[in-house]
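Below: the structure, in structure tokens.
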Amino acid sequence: MKLRSLVALLVMLPTALPSASAQEREATRTPTLAEYTSGSPSQLRPTSLRALQWLGDDYIYIQERNLILGTPGAKKAERTLLTQDELLALIGEGTKGNTAKYFSPFQVVGRDQRHLLITFSGKHYVLDPRTKQLTATFEQDTKREKTFDLAPTLEVSAIIKDHNIYVTTSRGEEVQVTTDGSPTLVYGSSVHQNEFGIHGGLFWSPDGSQLAFYRMDQSMVAPYPIVHTNTRKATRQDLYYPMAGMPIHHVTVGVYNRTTGKTIYLNTGLPKEKYLTNITWSPEGKTIYIAEVNRQQNRMELKSYSAETGEPLQTLFVEENEKYIEPQHPLYFIPNRPNEFIWQTRRDGFSHLYRYTTSGKLLGQITKGDFEVISFLGFADGGKTLLYTSTEQSPINRVAYRIGIDGKGKKLLTPQPGWHIASASKSGKYLLDTFESLHDVRENRLVSTATGRDQRLYQSDDPEASYITPEIILGTIKADDGKTDLHYRLIKPTNFDPTKRYPTIVYVYNGPHAQLVQNRFHAGSLGWDLYMATQGYVLFTVDGRGSDARGTAFEQVIHRHLGLHEMADQMRGVDFLKSLPYVDANRIGVYGWSYGGFMTTNLMLTHPETFKVGVAGGGVMDWSRYEAMYGERYMDTPQENPEGYKATNLALRAKDLRGRLLLIHGTIDPVVLWQHTQLFVEACVKADTYPDYMIYPEHEHNVRGADRVHLNGVITRFFKDHL
């Protein structure tokens, strides 16, 4: 692709948002690699109120061994609700856990969000912390139990054991719902490779009388062997991993009725190769809604089914897209309007909220504009108003709004530029808002959804106040199309000298469902790049087209030829770097993981004149060997797009490797199989090219925990040795 000149791009008036300087802080040293590494015990990171969340319309959080409750608007805003000693006495475990540093972990449960679920010493306890009464107790099978899902009525739970579903009561009664579960016939678990917003496989009706569940038959999917080497003799774990263009699993939805004791299956019909997503119960529990997506992923039908008979009732509406469609959100039924719901979709090119009736009639589009609704937070004013977060202020910001269900009366609730993560109280009268920006260290706030007035609940100290840290700049450049703004993050070396020329590393992902450049603490950096800045490197990241949170056209440019436009945009970033007098154009490296590992390898092979050193972690090397749901969405099948798959098979281009490329992979990676980089290395052997290679035994798709410090050390050493 012909490169555009820097003059034609004319980008960039960067918005400089530097961190506080070392001189202002009386800093003495730079953080260590461990202090910059996520998961390290010594990591420097902002703090928040521990486990801050709603308990109905009150908020709660953990303060050491106490559970604190706050009531918005009350004269005495906060009080101790329950202590760890009181909890242990309540559940009859007074001698256990009394040395714990913090109050026991919990989950808020129930339709009214007023109870706590605490798993402790082989039992699941449900309690009312306000009255200090134990509501229910369930035995935990610590060896066989894989999932525990409490019904909203709190007196019954669904459990997955030995691939089957059991329903148990707090009285110890147990019913086995399914009997033929196996590794190839999976009940009650997440399906479709966790795509389409799917994060579980059990769905209680609102009154707890019925349980819907996924049934996944994966007997037609050839098993892929994952080998564990942490035993004296290696053991095999079969992973039923459907690759692009190959047979995929067949999914159905069952419904167990506790009253009749019978199970029926929804008649979702043919073809069996399709995706059943975003399962939602109607408020009265008689109807189940499913967003059904064809295998081609270009058509979605929102259908309703009878929970009693399993028969389809109607198709509410159909959405189609010539490239791909990806529903990710359930129906949000409007309080006091059981026949109306909110639907979130990218139908007009951006993620927005629409109001529908259960007959499929569109009552109106609620949010509109060239921005993305990120999260639906809930309802306020008895259902007359809804709450959401969006990118309306800027693609790199997240802010919260309220708006009427008729699309009128929109109000910005969190005007401070930056990153707001909000949750709504049960009534929607208040938000809990965790806020941070490049300028602002994290804080927790209470926000009135009626007025937007906020109250600070907690302010984190700056964890790096006494350290020398690098300057971070946020700005924009133009994409390869010459018109689209791309947001970048540039980190300058500590003790920066504008007369010097520094080696530079591009940190890349540039794939769907990820946005690296964010107006938050460290500008979204996870730490390693900040450490490299303390070692005298410039670090640069740009979210090119294909990245998240910018709408359909921005993302779908990647369709059928992954890497092509993404690399073109990354090279515009390189043009920008080369225009900076302090960047050494002869010492540019690139690093990325997963999709970023694919991009790193691709850039090293395509632009060896530019990139001297690369590190590719867990990278896709051949998209025909990646899972069908993700791969076929963005590439179609290998049969439909043979040229696209050939162009993105990096093993076929192993002969083009010129620079120093370090490949890293976890040996039990269930996402990007270890096979990818092994085959690339084999191709390099045959092509007489020489990558470097590092594995992490018994690690999955990423290296987490304390071992991540070692990973970051390996990457650091590689760049220091070769860039």
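All of the numbers you see were taken from the coordinates with simple rules; none came from a lab. Nothing here was measured: the structure is a model prediction, and the numbers come from that model. Positions of Cβ are backbone-derived with ideal geometry, glycine not excepted, and every protein chain shown enters the neighbour counts.
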### Summary
Ranked on Cβ counts within 10 Å of their own Cβ, fewest leading, 163, 699, 487 go 163, 699, 487
### Query
Can you list residues whose amide H is under 5 Å from residue 674's amide H, if they're 5+ apart or on another chain and H is modeled 1.01 Å from N?
669
### Summary
Computed on Cα atoms, the radius of gyration and Dmax of the chain in angstrom are 26.5, 80
### Longest segment of the chain lacking chymotrypsin sites (Phe, Trp or Tyr not before Pro) that sit in a DSSP loop with at most 16 other Cβ atoms within 10 Å
103-495
#### Entry: Simple Cβ-charge dipole of the stretch 503-649, Lys/Arg +1 and Asp/Glu -1, about Cα centre, in debye nearest 20
300 debye
### Task
Can you tell me the dipole magnitude for the stretch 451-523 around its Cα centre, using point charges on the Cβ only (Lys, Arg +1; Asp, Glu -1), in Debye to the nearest 20?
140 debye
### Message
Test of understanding: ordering 170, 38 by Cβ neighbours within 10 Å, fewest first, what list do you get?
### Response
38, 170
### Task
Taking just the C-alpha trace of the stretch 351-485, give me its Rg and Dmax in Å.
17.6, 61
### Message
Run the helix sum for the chain: -39,500 (n - 2.57) per DSSP H stretch of 4+ residues, divided by residue count, reported at 222 nm to the nearest 500 deg cm²/dmol.
### Response
-4000 deg cm²/dmol
### Message
Placing +1 on the Cβ of each Lys and Arg and -1 on the Cβ of each Asp and Glu in the stretch 413-489, which of 422, 459, 488 has its Cα farthest towards the positive end of the resulting dipole?
### Response
422
### Query
With point charges of +1 on the Cβ of Lys and Arg and -1 on the Cβ of Asp and Glu, referenced to the Cα centre of the stretch 221-342, which listed residue (247, 283, 336) lies farthest in the positive direction of the dipole?
247
## Note on the structure
For the stretch 144-156, in residue order, the Karplus 3J(HN,Hα) values (coefficients 6.51, -1.76, 1.60; θ = phi - 60°; whole Hz; Gly and Pro = x) are 10, 6, 9, 9, 10, 10, 7, 5, x, 8, 6, 9, 8
#### Entry: Residue-by-residue Karplus 3J(HN,Hα) for the stretch 259-274, coefficients 6.51, -1.76, 1.60, Hz, glycine and proline x
6, 8, x, 9, 10, 10, 10, 5, 7, 7, x, 9, x, 6, 7, 7
### Task
Would you work out which of 586, 701, 610 lies farthest towards the positive end of the dipole of the chain, given +1 charges on the beta-carbon of Lys and Arg and -1 on that of Asp and Glu, about the Cα centre?
586
#### Entry: Under 5 Å, built H, 5+ apart or other chain: amide partners of residue 147
160
### Query
What residues have an amide H closer than 5 Å to that of residue 135, excluding those fewer than 5 places away on the same chain, when H is modeled at 1.01 Å from N in the peptide plane?
126, 127, 128
#### Entry: Count of Lys pairs (Cα-Cα under 29 Å; at least 8 positions apart or interchain) in the stretch 190-330
12
### Message
Quick one: 3J(HN,Hα) in Hz for the stretch 427-440, Karplus 6.51/-1.76/1.60 with θ = phi - 60°, rounded, Gly and Pro as x.
### Response
8, x, 6, 9, 10, 8, 10, 9, 10, 7, 8, 4, 7, 10
## Note on the structure
Most exposed first, judged by fewest Cβ atoms within 10 angstrom, 361, 483, 323 run 483, 361, 323
### Task
Excluding residues on the same chain fewer than 8 positions from residue 410, give the lysines whose Cα lies under 26 Å from its Cα.
361, 368, 384, 426, 429
### Over the stretch 190-330, equivalent-ellipsoid semi-axes from the Cα gyration tensor in Å
29, 21, 13
### Task
Give the cross-link partners of residue 478 among the lysines, using a straight C-alpha distance below 18 Å as the criterion and excluding same-chain residues fewer than 8 apart.
2, 578
### Task
With only Lys, Arg, Asp and Glu charged, each at its Cβ (+1 for the first two, -1 for the last two), find how big the charge dipole of the chain is about the Cα centre; round to the nearest 20 debye.
740 debye
### 24 Å tail of the calculated P(r), the stretch 489-623, as % of Cα pairs
25 percent
